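K.L.:
So that we are looking at the same thing, I have put the structure below in structure tokens.
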Amino acid sequence: MSEELRRTIIDLRDEGVTTPEICQQLGIDADTVIALLVQGAIVPTVVVDVPKRPVGRPRKQVDKDLFLRIIKAIEPGDSEVPALWTFPQLLQVLENSGHPSISGDTLRRYLYEQGLTFSTQLRQVIGSSTIPDFLVATIRSRLSILYVVTHLIARPTDSNTCQATTLIIGVTSSNRLTFYAQQQSRLSQEMLSQFLRGLLTLHPERHVVVILKNEGVYRSVAHDRSLHRAPRLHFYTLMAKKV
């Protein structure tokens, strides 16, 4: 079985596509899909940074307001906006926004350059790019997908905007991105809980393992009983290693 097919199956599953849909789309049987997903669920204990592009390769210039375009695009404004945004959805809404077009490669490179990779976010949370041994064992014991979850706050830059936007960012160990935005000036327990429940909806057939900071609102979600009643959700608040 080719590595390209295995990667395609894992990518589809990370985007929330179910096993029957993958079988229909790729024309393969369920046993093959499950076997390759199990293989892809085993993550390395050390996550390697995204490799840099070869020296001399020309880069397309990205407009300086791209991050503001992203925030504006995914702010909730009507009932058709999905609760959680995946990379393909983000790319599509940017393409349909009427602004200069952007390719998937350019958008992904831009997000990586902002530090939105698993290894960078993991170091931000625990001070290391090494996944703790007990989490590796947890992931391997079931068909799990691993996320590190952080957030940032986008402040208004003009007088016409009166409220900041809080953006929650989830990155999988294979650098798949998921976003959730609300027009509020700080991260709340309710917003974080909604994001974690949204991950279960995004991956309806998988266990979801989440790494969080051991501080503030992140620590407070431990008191959300509804999350503890979700058997497929496993979240851990971890202390950052002292350097």
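K.L.:
Does Gln189 satisfy the condition of being touching a residue at least 60 places away in the same chain (Cβ under 8 Å), over 25 Å from Arg7 (Cβ atoms), in the same structural domain as Leu90 (by TED's automatic domain parsing) and in contact with a helix residue (DSSP H, G or I) (Cβ under 6 Å, 6 or more places away or on another chain)?
P.N.:
Here the answer is no, as Gln189 does not meet what is asked.
K.L.:
Would you point out the residue of region 113-143, among those that are under 14 Å from the mean Cα position of the chain (by Cα) and crowded, with 17+ Cβ neighbours inside 10 Å, that is nearest to Gln182 (Cα to Cα)?
P.N.:
Top of the filtered list is Leu116.
K.L.:
Only one of (1) surrounded by fewer than 21 Cβ atoms within 10 Å (Cβ to Cβ); (2) in contact (Cβ under 8 Å) with a residue 24 or more places away in the chain; (3) at negative phi fails for Val171. Which number is that?
P.N.:
Only one criterion in (1) surrounded by fewer than 21 Cβ atoms within 10 Å (Cβ to Cβ); (2) in contact (Cβ under 8 Å) with a residue 24 or more places away in the chain; (3) at negative phi is unmet by Val171, namely (1).
The values are calculated or read from the model by the stated rules, or taken from the named source; none is laboratory data. Computed from a prediction, not measured in an experiment: that's the story for all the values here. Cβ: placed from backbone, ideal geometry, glycine included. Neighbour counts: every protein chain shown.
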